[in-house]
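I have a structure I would like to understand better, so I am pasting it below and will then ask my questions one at a time.
The values are calculated or read from the model by the stated rules, or taken from the named source; none is laboratory data. Only a predicted model underlies this, so the values are computations on that prediction, with no experimental measurement involved. Here the Cβ is made from the backbone with ideal geometry for all residues, glycine too, and neighbour counts use every protein chain on show. For accessibility, only protein heavy atoms count, side chains too; no ligands or nucleic acids. Shrake-Rupley method; radii C 1.70, N 1.55, O 1.52, S 1.80 Å.
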Amino acid sequence: MTRACHDTPFRLRCFDDIPAEWFTEIQTLQSLITGFYSDVYDAPPVFYEHGRGGGGASAFSDEDYTFHPHLCALPGSLRIHEPLSELFASGPAPLPGLRERIGDLPYIYVHTPFDAAHQEPVAYFTADDPADGSVAGFRLKKLLVEANGLDNGWDWRAHPGEGELTSLIDRFTDWYTSKFRHY
């Protein structure tokens, strides 16, 4: 997969590059995450991707990070659509098929299936000048922290959170084992 994320003819730059036949498995994983968040955190999921869509650079210029398909999830009813709507144009975000709607623009994909006002996926993008870099260089985690009054540990490089990650893995393992244990 790593090779496919670099500039090659077989490159997977964003979620919309993933072949359609893989989406059944992805939906199964989203259902698993939704169940985990509901049972353990009593919270709905927020799914998002900071997709490059074929436009712009292959990596952040100051970091050793190659853009790749990366669907993230957070538990909670977080303010995400409102602040993004103030900054970017938006439209429906069917996957696969998003780039058929918005072209090769970098985008932010957000799916909040339990938010009554935004149950369908939405893509946020820069409509006027895709070269301005406002979406490509945008820090979504920073926006989530600021818009929701959360702890300021949005930068995982400065705050790697190994203890929190270990706790999350332990919670998921316990939940999964108790839920899907076969005798």
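Give me the pairs: first residue in region 45-58 and more than 23 Å from Ile33 (Cβ to Cβ) and open to solvent by 10 Å² or more (accessible area, probe 1.4 Å), second residue of a type in the set (Val, Ile, Thr) and modelled with pLDDT under 85, beta-carbon distance under 7 Å, and six or more apart or on different chains, which are they?
Note: pairs meeting the criteria are Ser58/Thr66.
Being in a loop (DSSP other than H, G, I, E, B) and small (Gly, Ala, Ser) is the filter; apply it to region 122-157 and report the residue that is modelled with the highest pLDDT.
Applying the filter and picking the extreme gives Gly149.
Among the listed residues Glu63, Glu82, identify the single one that is surrounded by fewer than 15 Cβ atoms within 10 Å (Cβ to Cβ), closer than 21 Å to Lys141 by Cβ and at pLDDT 90 or above.
Glu82
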